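S.K.: Okay, handing you the structure first.
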Amino acid sequence: MIKDIFRRKGRSAMTIIAIIASVALLLSMMSIAGGIRQNAVRHIEEGNVDVLISPHGDHAIYDAHEMVRNISEWNGVNGVSPNLYMFGTLMPVANISGQIVPVGCIGILPRLSWDMMGDSDREKYDGWFSDTEDFFDDPHYANGAYSGPYTGEIVLGDTMMDALNLSTGDTIKIAGAIGEPEREFRIVGRYETGFTGGGMIGDMKIYMGMMRLSELQDLAAYRDLRISDRADSMSVSLDPMADTKEFVKELKDAYPDYADGIKTKEDMIVDAQEYSAVSTAFYQAIGSVALVISLLFVASVMIMSVYERTNEIGMMRAIGISRRTIFMGTFAEGLLLVTIGAILGLIPGYFGSVAFGNYMASSVGINESFTAFTPEMIENALIEVIVLGTLFTIYPSWKAARMNILDALRHTG
Amino acid sequence: MNPIRNLSRRPGRTALTVAGVSIAVIMLVVMLSISNGMQKSSETLVKDRGVDIFITGEGGNMFMGGSMIYNGTAMAEDIIEKNPEIREIGLSLEGIYLFSAPKGRNSTSSDVTGTYSIGKGDMKDYDIIEGDFMPHRGEDPFRNSTYYREWNITQDAFDSPDFTHECTISQSLSEEFDLHPGDTIYISHSKNMSHNLSLTVYGVFVNPYDSSGSKEIDMHLSELQFFLDMKNDPVSAMYVDLHDPSKATEVADWINENYPLSAISQEEFISQINKFMRTFDSFSIMISSITVLVGAIFISTIMDIAVRERRREIAAMRAIGISRTTIVTDIFTEGISLIFLAFILGTLLGLIIAYGLDAWMSTGPRRMPSGFHLVSIDAILIAKVFLISMALGILSSVIPARWATKINISDALRGD
Amino acid sequence: MIKLENVSKIYRMGDQEVRALDGVSLEIEKGDFLSIIGPSGSGKSTLMHIMGLIDIPTSGKVILDGVDIYAPAKKGRKTKVKDRYLTDIRLRKIGFVFQQFYLLPTMTALENVELPMKEARVPKKERKERSKKLLDNVGLGHRLDHFPKQMSGGEQQRVAIARALANNPEILLADEPTGEVDSKTSERIMETFRKLNREDGITLVVVTHDPSVAEKADKILRMRDGRIESLTHMKAR
């Protein structure tokens, strides 16, 4: 009965085309979903951060420098790195030849921050802060008094440097806010923000820079920051041999105020996956809709073919061919069509995934790839197609098998 | 030749085809309504406020939260004096995170905003659901006090005898602490609530732009500035109301030219938002197109087969004198009826699903802002879906109809 | 009324030529009751198709009521105008009855009979009345609202006959009308034909392979291999 597929070329071709289109769509959608999940998780996995202290809401971390010194002396701790984020209303502003530009700034302790970075992240930096003698690598903070020398060093993001024609070595002025006193900063490096400068993000002109923690605290127009030595989060990396649970317990005991904001790497991965779970389901669902329609199509066509072959089937049953054979024959026919369509759909599916993924990335304005065309994904898609395909072809096959012989033979028309 | 009854000849096949195509219609309806909804919502949310021009510090934009404007009041007064088109300017200091709590409770992080307005217009505040606005709403009396003008800080707590201590709080904050009009709430820089300032709650409001139930406190601008020891009259945003909204772009340009500010008209703002929406739009168009394409393949093939099955019958009709026109008309009618059924079914189900999605997105922890509707359905949308469906019906009938006219009567009757 | 002059019909089957009709000339006069008989492949159906204007001769003339139907037409090509013209003639002047009945399954007996009248734009009231009458005449006045699948072969054929008469045709062409019915019904059908011919003056041409059916006509045309073998006049009854 497989050769019946060739009997009606046009019809079979149409069903196969429909399946190809739906499978290609399904693959593209699954690829994007996978890409989103992958990106979310990859950053976390590749980093060296084992524990992240990030208090909920806008509770911040206070006495950051001291906390760094404290924790870094504990057993099993490889590194501690604080971060202060000045974005939003209280962003510092840069004055570049009269042009006022807000700059989202991140305050770090450079040496500690560098130690914490994974290789792939380090590659994003072209140039870095100069080494200093003091423990925190933050001279202005020396002795906890914000009185030490200002280094005025800053590493800027690539989009900002490109948009404003800046190069490493240039000097720019930055103030905590318009109207506040400006300070000079020298650009000591450039880093890949991962923004392309286009898309949605490009339109929002997100310019970013990194400087020393105390210098940002000083600069910031918010009075409280310097007084309380504030940071927004702290990353900790542990020895491979260290017991993460122990460490977390110790941390919660020592800093009960931040207890609800402590996350391990695993926690973060789970969070990321959960967050993307909804969008994953969404993409897969819409990708499957077209598939369902195609399979309904296949079922209809099969029903029609079976009807057309009523006499033929009646004759076969009359000469002794079993119901089972007829069932399997029809079933195989339907499944073959579906399988051919699915396999042929892999190629446009691949191109579709790449195209959709690139489109998403460029319209958001990020350098990430949203395409995740993995063997696993192909496997999942094919399984879905074959399982659903089987379901939809069972009914017509059953109809064929259960025909009454006499009626079938007598059937006209 | 009764095309409608022809459909009931093979009820199973008709049902399957209608089912398949209606799924495509459902997809189309849902996608279009979400796209519509997102656009309309953002537009409505912006328009509802009645703000004609949005202003932030130079170089900033409404999405990133622009930079601070210093000497905000002076600048605003200058603006309103020099440009008679303007009837009100609302000033606000936003993005200030402090801790708040009623007496004896653990503090929670809160978003505190200071407000002041110059002039009189009809910009809308958030809806008050309990109590009332601050008695001196918009007036900011403390700025006229000598304490403010001379920046005379009397105590550690940056309190001052001339403070009104008025505030309104958001619904989430009210729920968290079970606070109601008449109660007192304290704000502080630190979690332990040291050096705190007391405020009297006059009303509870709902912020339609907020999705996660953030805890907000609105108070008078000068009192907040004083508490923060921010001397230079900083303001993070200005909202302008004009006599004639159509002049918004003109006035915004004028402001940009004459002041170190970044002003955009409501229209411009909306179009920036829509630009962001367009990604989703093109996405959904691509997806719906492919789904509709598959539906199209489905129905054309079925129509084709259905007509070919009736070859002899058609030939017989031609033989007894039924014209080709009649036969073609019947085939088209059949195709269109099929699609029409799918349209009705698909649209109904699509509407149910779309509204269901909207309802689902409006509840739960990750819900959308209350002023936001995921889905928006209007006559134009239904018309679009209808037109696409009809086009599909017509297109899918073309080839079978053409084929039917070419039937050789004699051959067909002979049984070839 | 119908005159065929030297009509031939040649088919191409791959690279083989099949002469379904070979130089047939024939004249049928108003009021004739003619049966055409012959073995399969003799060309009788082809002849009927050509007479009924549903097939075009490869060569030769078909003259209906003095009009040379295919005069301006080239070899085998129908112009659009021609087709509409032909269709119209079929609608109003010719009635067809087929071996397989070809009633529309989704229509009742009444609606089937109404169909050609609807096409001819006969007003509703008149159409309905006339259809009822026609069905009555063939003895199916009680089956007006029944669908074909609810009727026996004989009944369906009778409906087909009523339908063929819908627009008062001058000539009725029947292709193996008794092929799918039992002998009793066969008798009845031929009786009906007789009646139509005698009383209503309808010209009748019946194609059959059954001699007993053929004998019921006034003239018998015998065909073989695409040619007329003989034309016999039966004794008047």
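S.K.: If the requirement is being free of Cβ contacts under 8 Å to residues at least 12 places away in the same chain and either crowded, with 19+ Cβ neighbours inside 10 Å or within 24 Å of B:SER174 (Cβ to Cβ) (or both), which of these qualifies: B:GLY138, B:GLY104?
M.R.: Result of the check over B:GLY138, B:GLY104: B:GLY104.
S.K.: Take the residues of the stretch A:343-373 that are open to solvent by less than 50 Å² (accessible area, probe 1.4 Å) and in a loop (DSSP other than H, G, I, E, B): which is farthest from A:ARG42 (Cα to Cα)?
M.R.: A:GLY345
S.K.: Give, as residue ranges, the helices (runs of 4 or more DSSP H) completely inside the stretch A:215-311 that count at least 3 residues that are closer than 30 Å to B:ARG310 by Cβ, outside the structural domain of A:GLY152 (by TED's automatic domain parsing) and touching a Leu at 6+ places or on another chain (Cβ under 9 Å).
M.R.: Answer list for the stretch A:215-311: A:265-308.
S.K.: What strands (runs of 3 or more DSSP E) completely inside the stretch B:213-332 contain at least 1 residues that are more than 30 Å from B:TRP151 (Cα to Cα) and either open to solvent by 10 Å² or more (accessible area, probe 1.4 Å) or more than 14 Å from chain C (Cβ to nearest Cβ) (or both)?
M.R.: Once the strands (runs of 3 or more DSSP E) in the stretch B:213-332 are filtered for at least 1 residues that are more than 30 Å from B:TRP151 (Cα to Cα) and either open to solvent by 10 Å² or more (accessible area, probe 1.4 Å) or more than 14 Å from chain C (Cβ to nearest Cβ) (or both), what remains is B:237-242, B:261-265.
S.K.: Being open to solvent by 70 Å² or more (accessible area, probe 1.4 Å) and either closer than 30 Å to A:GLY389 by Cβ or out of contact with any Cys (no Cβ under 9 Å at 6 or more places or on another chain) (or both): is that true of A:GLN284 here?
M.R.: Criteria not met by A:GLN284.
S.K.: Just one of B:PHE280, B:PHE332, B:PHE340, B:PHE298 is in contact with a Phe, Trp or Tyr (Cβ under 6 Å, 6 or more places away or on another chain) and under 27 Å from A:ILE293 (Cβ atoms); which is it?
M.R.: B:PHE298 is the lone residue from the list that is in contact with a Phe, Trp or Tyr (Cβ under 6 Å, 6 or more places away or on another chain) and under 27 Å from A:ILE293 (Cβ atoms).
S.K.: Quick check on my filter: what residues within the stretch B:259-275 are under 20 Å from B:GLU58 (Cβ atoms) and without any contact (Cβ under 8 Å) to a residue 40 or more places away in the chain?
M.R.: Within the stretch B:259-275, B:GLU268 is the sole residue that qualifies.
S.K.: Among (1) within 14 Å of chain A (Cβ to nearest Cβ); (2) in contact with a helix residue (DSSP H, G or I) (Cβ under 7 Å, 6 or more places away or on another chain); (3) within 30 Å of B:ILE299 (Cα to Cα), where does B:ILE4 come up short?
M.R.: (1)
S.K.: Another one. Within the stretch A:388-413, take every residue that is among the polar types (S, T, N, Q) and over 45 Å from the mean Cα position of the chain (by Cα) and give me the one that is modelled with the lowest pLDDT.
M.R.: Among those residues, the one meeting the criterion is A:THR412.
S.K.: Of the residues A:TYR275, A:TYR255, which is crowded, with 16+ Cβ neighbours inside 10 Å and either over 30 Å from the mean Cα position of the chain (by Cα) or at pLDDT below 85 (or both)?
M.R.: Of the residues listed, the single one that is crowded, with 16+ Cβ neighbours inside 10 Å and either over 30 Å from the mean Cα position of the chain (by Cα) or at pLDDT below 85 (or both) is A:TYR255.
S.K.: Return yes when C:LYS30 is out of contact with any Cys (no Cβ under 6 Å at 6 or more places or on another chain), charged (D, E, K, R) and part of a strand (DSSP E or B) and no when it is not.
M.R.: No, not satisfied.
S.K.: Let me ask you something else. Being open to solvent by 50 Å² or more (accessible area, probe 1.4 Å) and in contact (Cβ under 8 Å) with a residue 24 or more places away in the chain is the filter; apply it to the stretch A:164-174 and report the residue that is farthest from A:GLY198 (Cα to Cα).
M.R.: The extreme case among them is A:LYS173.
S.K.: Now, a different point. Any residue at all in the stretch C:174-188 that's open to solvent by less than 20 Å² (accessible area, probe 1.4 Å), at negative phi and in contact with a Leu (Cβ under 6 Å, 6 or more places away or on another chain)?
M.R.: The answer is no; no qualifying residue exists.
S.K.: On to the next question. Those residues that are crowded, with 21+ Cβ neighbours inside 10 Å and within 29 Å of the chain's Cα centre (by Cα), I need them from the stretch A:91-112; list them, please.
M.R.: Residues satisfying the conditions are A:MET91, A:PRO102, A:VAL103, A:CYS105, A:GLY107, A:ILE108, A:LEU109, A:PRO110, A:LEU112.
S.K.: Taking the stretch C:99-114 only, how many residues are more than 7 Å from chain B (Cβ to nearest Cβ), over 22 Å from C:GLY179 (Cβ atoms) and open to solvent by less than 20 Å² (accessible area, probe 1.4 Å)?
M.R.: Of the residues in that region, 3 qualify.
S.K.: Conditions first: (1) at pLDDT below 85; (2) open to solvent by less than 20 Å² (accessible area, probe 1.4 Å); (3) touching a Pro at 6+ places or on another chain (Cβ under 9 Å); (4) more than 7 Å from every other protein chain (Cβ to nearest Cβ). B:ASP52 passes all but one, so which condition is the exception?
M.R.: It is condition (1) that B:ASP52 fails.
S.K.: Scan the strands (runs of 3 or more DSSP E) fully inside the stretch C:123-237 and keep the ones with 2 or more residues being at pLDDT below 90.
M.R.: C:227-233
S.K.: I would also like to ask the following. Take the conditions hydroxyl-bearing (Ser, Thr, Tyr) and over 15 Å from B:PRO3 (Cβ atoms) and apply them to B:SER337. Does it pass?
M.R.: Judged against the criteria, B:SER337 is not a match.
S.K.: More than 10 Å from chain B (Cβ to nearest Cβ), crowded, with 22+ Cβ neighbours inside 10 Å and either in contact (Cβ under 8 Å) with a residue 24 or more places away in the chain or closer than 30 Å to A:MET360 by Cβ (or both): does that describe A:VAL51?
M.R.: Here the answer is yes, as A:VAL51 does meet what is asked.
The values are calculated or read from the model by the stated rules, or taken from the named source; none is laboratory data. The model shown is predicted, which means the values in this text are computed figures rather than measured ones. Cβ: placed from backbone, ideal geometry, glycine included. Neighbour counts: every protein chain shown. For accessibility, only protein heavy atoms count, side chains too; no ligands or nucleic acids. Shrake-Rupley method; radii C 1.70, N 1.55, O 1.52, S 1.80 Å.
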